[in-house]
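Asks: Have a look at this one.
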Amino acid sequence: MATFTRRALLGSAAVVAFGAVAYGGSRFGCAFVPRNHPDFFSLLDIAPDAPIARRIGERALELGSLPNDLPGFASALTERPLIRQALAEDCPTVRRTLVQDQCALDFAAQRTVIVDGWVLSETEASLCAARMLRPQQA
Amino acid sequence: MISDLRSGPPPREIVGDVCIVGTGPAGISLALELSKKGRRVVLLEGGGPVYEQDSQDLYRGQVTGHHHIDTANSRLRQFGGTSGHWTGMCAPLDPLDFEPRNDVPHHGWPITRADLDPFYARAQNYLDLGPFKYDFADWAAKLPAKPLPLDPGKVFTDVYQQSPPTRFAEKFHDAIRDDARIDCWLHANLTDIVLRDGSDVVESMTVSTLEGAQTMVRAKTFVIACGGIENARILLNSRKQRSAGIGNENDLVGRYYTDHMTIETSTVMFNEGVDTALYPEEIQVGGALLALGLKIHPDLVRRLHLNNNSAFLVAQHDSEIYDDDFRNYGWIAFSTMLKTFSRGHVPDRFAEHYCDVVDDLGAVATGVYRHAVRKVAPSSRASVFKIRQDAEQSPNPDSRVTLIEEKDALGFNRIALNWRITSDDLLKLRRTHEVIGAAIGAAGIGRLQIGIPETPDPEVAYSGYHHMGTTRMHADPRQGVVDADCRVHSVRNLYMAGSSTFTTGGCANPTLTVTALAIRLADHLAVTV
Ligand SMILES: Cc1cc2nc3c(=O)[nH]c(=O)nc-3n(C[C@H](O)[C@H](O)[C@H](O)COP(=O)(O)OP(=O)(O)OC[C@H]3O[C@@H](n4cnc5c(N)ncnc54)[C@H](O)[C@@H]3O)c2cc1C
């Protein structure tokens, strides 16, 4: 049966301590590095939690032409310039306007889908669909 | 002069330069124009001065195709023709409607919109319309609100004008009665077209009352102006000398029947604060009553292989006070009488109008009540609209009028009307609504929910009562019954007037074009006869 030697114990503690320091330091350092880490879930709140939006979300998922998981939606949506801007924006009104403007751009560029008869921009249909996939909050 | 073939013994023959059969908008405007140019006109009307059941019964037929249509109630067989029924929406056909299109088989007239423009301008007056201006830009400065801010390269605001509606019997009765060059006969039903033996020239027409009093009309030129269904029926019934019917050598008479698909479907929800004031109500401005719709830019219509369409917004109010569902014949008769009395005159055909009101008293009372309440109730502006349209169909040779065995009281075979509505027609309309929805979305002003499913149901479509195409115009006799002058290809002095000559239906209501074509025909005959 293996026994822990003192040396092994100290070595392990050093590794853990080093790891903790490295991690803490990295976290601290990285806080100053600008990155594109969208707060995707909060963006989904822009899709209203109304029955009609939920129905559109369900139908949009059934269409099969949109992604079928959250990472898929996240990467598809973050390709849209105004959505990227919206994700970096704290003010809810500006965020909403940016999303609406992105929808308008989608329409103008014929990036539309018909969901339950509604002629929608891909962005709004995706937001409604993604909202349906968001894990339930406790 | 107006005479009645029913009163007294019939003359042995009636003679004129031009014989016109039918006194609807086509026949009357043609007769008046020809008279102005000094031609002697014989104008024949099968019906009487007012509605008569036995005359109207001649229009009965079978409906064998799409069933939201009828053959008798959608036309009037009396002096003034169906203008006694029409509701008066007017617009010219678009340049696009006249063009040949590779993507739409059988599309394209042998004339252009520019050819018709001077005649459209003259037709406005017959129909009591404003100036011949149908571009939004012509009216924009005078309008009380702004148009929807849509990309005009995709969807633009389209202008229609509303006729009072002009009842030709009322407006032109006295002019015809007092015109020494117009010899008008009532109860004079065309029953036969007689070709000079072995030739391609009409020598005479036989006319008869329902009681059998008969006479013959001689003229240099003959024009049949009996409406979109009857024009074909008359040619198909003229089989004594041409076994398939006159003008039907290429089996084209009666084919290409087209109508406007009257459809109210799809919902537009505008964002709060969007100004839609121009669209749901008619607007009186600059001597015209305008109705504004939304139309797809012709370049996009071509690129997406659509049919033409003008979409009108019908407000969906929560309160029924703003509903206009009381506007039927009773209401129209009531408002006509009211307007005429307020000018200090007794309305023409007072008894008819009065009885229309009595028949629809409930609707009239509702209309009066709602108008009164609207004056005091706070105004309600709708943000939800349905889209109503008279949508175009692609030309279809299988959509047609044919003869059936059953005969009418004059011995004419009655007709079967096989109006076809194809999925393609409806899917094109669906796509049209999609384009409108995208334009509204791009403008950030709302969203549209399409009401036509991917597997469309023709039940949504009703006849616009615009019977067109059955003696279509084409330069090639194998593709059309009449030439660019409306002359039957195979007969030297026989012309057709009316919407039966339309090669395509477009989405404009037909009567303005019917009248413009009649005036154009008058100018043509004035130099040839
Ligand atoms: C309810 C309704 C609403 C409408 N609304 C509109 C609208 O808003 N806008 C629009 O542009 N159009 C409208 N229309 C269509 C419009 O009425 C027609 O386009 C117009 O009347 C056609 O004119 P016409 O002279 O070619 O034919 P008609 O008006 O039908 O006249 C044909 C004439 O020929 C006569 N006739 C028929 N057979 C014979 C015969 N064998 N011998 C002698 N005479 C004969 C008839 O009695 C009649 O007088 C509407 C129609 C209906 C029914």
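The values are calculated or read from the model by the stated rules, or taken from the named source; none is laboratory data. Predicted model, so just to flag it, every value in this text is computed and none were measured. Note: ideal-geometry Cβ built from the backbone for every residue, glycine included; neighbour counts use all protein chains shown. Side chains included, ligands, DNA and RNA excluded: accessible areas come from the protein's heavy atoms. Shrake-Rupley method; radii C 1.70, N 1.55, O 1.52, S 1.80 Å.
Asks: Which angle between 0 and 90 degrees, to the nearest 10, do you get for helix B:25-36 versus the longest principal axis of chain B when only C-alpha atoms count?
Replies: Relative to chain B, helix B:25-36 is tipped by roughly 60 degrees.
Asks: GluC sites (Glu not before Pro) within the range B:266-359: which are DSSP loop residues with at most 16 other Cβ atoms inside 10 Å? Write down the numbers at each step before the final one.
Replies: Values: sites: B:GLU272, B:GLU281, B:GLU282, B:GLU320, B:GLU352; in loops: B:GLU272, B:GLU281, B:GLU282.
Here the sparse-neighbourhood loop sites are B:GLU272, B:GLU281, B:GLU282.
Asks: In the range B:194-247, which GluC sites (Glu not before Pro) fall in coil by DSSP and have 14 or fewer other Cβ atoms within 10 Å? Could the numbers behind the result be given before it?
Replies: Values: sites: B:GLU203, B:GLU211, B:GLU230; in loops: B:GLU211.
Taking the range B:194-247 and a limit of 14 other Cβ atoms within 10 Å, the loop GluC sites (Glu not before Pro) found are B:GLU211.
Asks: Something else about it: Given Cα pairs under 8 Å that are at least 6 residues apart, what percent is the relative contact order of chain B?
Replies: Working: 1211 pairs, mean separation 134.6, N = 529.
About 25 percent, as a whole number.
Asks: Using a 10 Å cut-off on Cβ to Cβ distances, tally the other chain neighbours for every residue of A:104-110 and report the average as a whole number.
Replies: On the way: counts 5, 2, 3, 11, 7, 2, 4.
Partner Cβ neighbours, averaged per residue: 5.
Asks: In whole percent, how big is the carbon plus sulfur part of the accessible area of the range B:324-375, probe 1.4 Å, protein atoms only? The partial results should precede the final answer.
Replies: Working: 2040 of 3290 Å².
About 62 percent, which is the carbon plus sulfur part of the accessible surface.
Asks: Output needed: percent of Cα pairs per 5 Å distance bin for the range B:398-529, bins running from 0 to the one holding the longest distance.
Replies: 2, 8, 13, 14, 15, 14, 12, 8, 6, 4, 2, 1, 0
Asks: Is there a simple number for the mean count of other chain Cβ atoms within 10 Å of the Cβ of residues in A:111-120, and what is it? Before the final figure, lay out each step's value.
Replies: Working: counts 1, 6, 0, 8, 1, 2, 13, 8, 15, 6.
For this peptide, the per-residue mean of nearby foreign Cβ atoms is 6.
Asks: In whole Å, largest first, what are the principal axis extents of the Cα atoms in the protein assembly as shown?
Replies: 137, 59, 41
Asks: Can I ask one more? Using Cα positions and a limit of under 18 Å, work out the aspartates and glutamates in reach of B:LYS36, with same-chain residues fewer than 8 apart set aside.
Replies: Cα-Cα hits under 18 Å: B:ASP17, B:ASP174, B:ASP178, B:ASP179, B:ASP183, B:ASP523.
Asks: Okay, moving on. Please report the equivalent ellipsoid semi-axes of chain B, computed as sqrt(5 x eigenvalue) of the Cα gyration tensor, largest first, in whole Å. Can you show the working numbers first?
Replies: On the way: eigenvalues 299, 148, 87 Å².
One finds semi-axes of 39, 27, 21 Å for chain B.
Asks: Next up: Could you please state, rounded to a whole Å, how far the C-alpha centre of the range B:191-247 is from the C-alpha centre of the range B:1-18?
Replies: With the range B:191-247 and the range B:1-18 each reduced to a Cα centre, they are spaced 17 Å.
Asks: Checking the cross-link filter: which aspartates and glutamates have an alpha carbon closer than 15 Å to that of B:LYS407, excluding same-chain neighbours under 8 positions apart?
Replies: Straight-line reach from B:LYS407, under 15 Å: B:ASP54, B:ASP57, B:ASP192, B:GLU230.
Asks: Okay, next question. Taking 19 Å as the cut-off for C-alpha to C-alpha distance, list the pairs among B:LYS220/B:LYS240; B:LYS339/B:LYS386; B:LYS295/B:LYS428; B:LYS133/B:LYS386; B:LYS133/B:LYS295 that go past it. Working shown, then result.
Replies: Values: B:LYS220/B:LYS240 21 Å; B:LYS339/B:LYS386 31 Å; B:LYS295/B:LYS428 14 Å; B:LYS133/B:LYS386 27 Å; B:LYS133/B:LYS295 16 Å.
With Cα atoms farther than 19 Å apart: B:LYS220/B:LYS240; B:LYS339/B:LYS386; B:LYS133/B:LYS386.
Asks: Report, to the nearest whole %, how much of the accessible area of the range B:44-135 belongs to carbon and sulfur atoms, 1.4 Å probe, protein only. Show your work: numbers first, answer last.
Replies: Values: 1830 of 3520 Å².
Here it works out to 52 percent.
Asks: Something else about it: Helix B:329-342 against the longest principal axis of chain B: what's the angle in degrees, Cα atoms only, rounded to the nearest 10?
Replies: 90
Asks: Now a separate question. Compute the accessible area of each residue in the range B:423-440 twice, once for its chain alone and once with every protein chain present, using a 1.4 Å probe on heavy atoms, and list those whose area falls by at least 40 Å².
Replies: B:GLU434, B:ALA438
Asks: Another one. Return the calculated 222 nm mean residue ellipticity for chain B, to the nearest 500 deg cm²/dmol, obtained by summing -39500 (n - 2.57) across DSSP H runs with n ≥ 4 and dividing by the residue count.
Replies: Values: 13 runs with 140 residues, N = 529.
So the calculated ellipticity at 222 nm is -8000 deg cm²/dmol.
Asks: While we're on this one: Out of all DSSP beta bridges in the protein assembly as shown, what portion is antiparallel? Express it as a percent rounded to 5.
Replies: Details: 58 of 82 bridges.
Of the beta bridges lying entirely in the protein assembly as shown, close to 70 percent run antiparallel.
Asks: At 1.4 Å probe size, with every protein chain present, just tell me what the per residue accessible area of the protein assembly as shown comes to in Å². Let's see the in-between values first.
Replies: Numbers: 29600 Å² over 667 residues.
With the other protein chains kept in place, the protein assembly as shown gives 44 Å² per residue.
Asks: Related question: Would you mind telling me the share, in percent, of accessible area of the range B:436-498 contributed by carbon and sulfur at probe 1.4 angstrom?
Replies: Details: 1000 of 2120 Å².
In the range B:436-498, the share of accessible area belonging to carbon and sulfur is 47 percent.
Asks: Identify the GluC sites (Glu not before Pro) of the range B:422-474 meeting these criteria: DSSP loop state and at most 14 other C-beta atoms within 10 Å of the C-beta. Before the final figure, lay out each step's value.
Replies: Working: sites: B:GLU434, B:GLU454, B:GLU459; in loops: B:GLU454.
Hits after loop and neighbour filter: B:GLU454.
Asks: I would also like to ask the following. Please state the relative contact order of the range A:40-137 as a whole percent: Cα pairs under 8 Å, 6+ residues apart? Can you show the working numbers first?
Replies: Values: 110 pairs, mean separation 40.3, N = 98.
Relative contact order comes out at 41 percent.
Asks: State, in square angstrom and to the nearest 100, the accessible area buried between chains A and B, both chains counted, probe radius 1.4 Å.
Replies: 1100
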